[in-house]
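The values are calculated or read from the model by the stated rules, or taken from the named source; none is laboratory data. Being a predicted model, the structure only gives us computed values, none of them experimental. Neighbour counts are summed over all protein chains in view; Cβ atoms, including those assigned to glycine, are modelled from backbone coordinates with ideal geometry. Side chains are part of the model used for accessible areas, which takes the heavy atoms of the whole protein and leaves out ligands, DNA and RNA. Shrake-Rupley method; radii C 1.70, N 1.55, O 1.52, S 1.80 Å.
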Amino acid sequence: MHLIEIYKSVQGESSWAGLPCIFVRFAGCNLRCAWCDSVYTFSGGTKMSEDEVLKAVAALAPVKLIEITGGEPMLHERELLPLMQRLLKDRYTLLMETSGERPLQQVPGEVHKIVDVKCPGSGEGGSFRMSNLATLTSNDEVKFVLRDRRDYEFARDFVREHGLEQRVGCVLFSPAFRPDAVGRSADNLELDARQLVDWVLADGLNVRLNLQVHKFIWEPQMKGV
Ligand code: SF4
């Protein structure tokens, strides 16, 4: 499998934000979101065997929370599924960030899926594979990255139409961060977080405001954090 990096940091997003976490970042993505902050994963990477990944992860002990991410990790499904089984057997807690474009039926139920549903402003609206909805449980989270009111309304209507507040453990509404952002500032958000909070409260949505904590700790362009 081709990997970009394996490192430990704190989790920056989701209901797991703030916890020490090992990141296993796969190379390659089949989408091109307008606000993507992982463009450097689109090519390159190092070929690693399952044993080499396990060894690299073990070297980052005692952290037992792992996020599998990318790029799009599910493009490596054939190698990734057995790796997940071994990590679960070794008693790691596994999160997986995915765009939701690839089928998720084969992912073990113990893995906490954090699944993006791409909004129109991403330029990849409509990429979410609707059959993946049936794979989502209270173990999982669904994330919407929002650039403007149009994205917000799309996300709000999708959440309501598919009963996501009841179906999954957490629904995340994340203001998009400018891809060319410099400096650790809320000014880099494409959608004002305060505005988003007002909309969420006005509509009575039970969703979580998901600010990317790592972009307020380190410079936004920094890798490996
Ligand atoms: S799915 Fe993720 S990695 Fe791929 S282009 Fe979109 S934001 Fe970037």
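The simple Förster model, with R0 at 25 Å and r as the Cβ-Cβ distance, assigns D187 and F42 a FRET efficiency of 0.35.
Quick check on the chain: of the DSSP beta bridges with both residues there, what percent are antiparallel, nearest 5%? Given both bridge residues lie in the chain, the antiparallel proportion sits at roughly 30 percent.
Please give the per residue accessible area of the stretch 49-115, computed with a probe of 1.4 Å over protein heavy atoms only, in Å².
Computed with neighbouring chains in place, this is 44 Å² per residue.
Under the simplified labelling scheme, the A202-K64 pair shows an inter-label distance of 4.6 nm, with each label point 7 Å from Cα along Cα→Cβ. Charge dipole of the chain (Cα centre as origin; +1 on each Lys and Arg Cβ, -1 on each Asp and Glu Cβ, all else neutral): 340 debye, rounded to the nearest 20. I need the shape label for the stretch 1-119. Rule: rounded when a/c is under 1.5, else prolate if a/b > b/c, else oblate, with a, b, c from the alpha carbon gyration tensor. In terms of gyration-tensor shape, rounded.
For K118, the lysines whose Cα falls under 19 Å of its own Cα, not counting residues fewer than eight places away in the same chain, are K143. In this structure, the residue pairs whose Cα-Cα separation is over 18 Å, taken from K8/K89; K8/K223; K113/K215; K55/K89; K47/K89; K8/K55, are K8/K89; K113/K215; K47/K89.
Springs between Cα atoms under 10 Å define the GNM used for the chain, and in it the highest mean-square fluctuation of C36, C21, C119 occurs at C36.
At full extension, R78 and F158 could sit 25.7 nm farther apart than now, given 0.36 nm per residue minus the alpha carbon distance.
With the Cα gyration tensor of the stretch 86-225 giving a ≥ b ≥ c as the square roots of its eigenvalues, does the rule (a/c under 1.5 for rounded; else a/b larger than b/c for prolate; else oblate) give rounded, prolate or oblate? In terms of gyration-tensor shape, oblate. Rounded to the nearest 10 square angstrom, R167 shows an accessible area of 90 square angstrom against a 1.4 Å probe.
Can you compute the charge dipole magnitude of the stretch 79-134 about its Cα centre, using +1 on each Lys and Arg Cβ and -1 on each Asp and Glu Cβ, nothing else charged? Give it in debye, rounded to the nearest 20.
Magnitude of the dipole: close to 160 debye.
Proximity of backbone amide H atoms, modeled 1.01 Å from N, is registered between K143 and V115, D116, V117, L172 at under 5 Å, excluding neighbours fewer than 5 places apart on the same chain.
Of the heavy-atom accessible surface of the stretch 1-115 (probe 1.4 angstrom), what whole percent is carbon and sulfur?
52 percent
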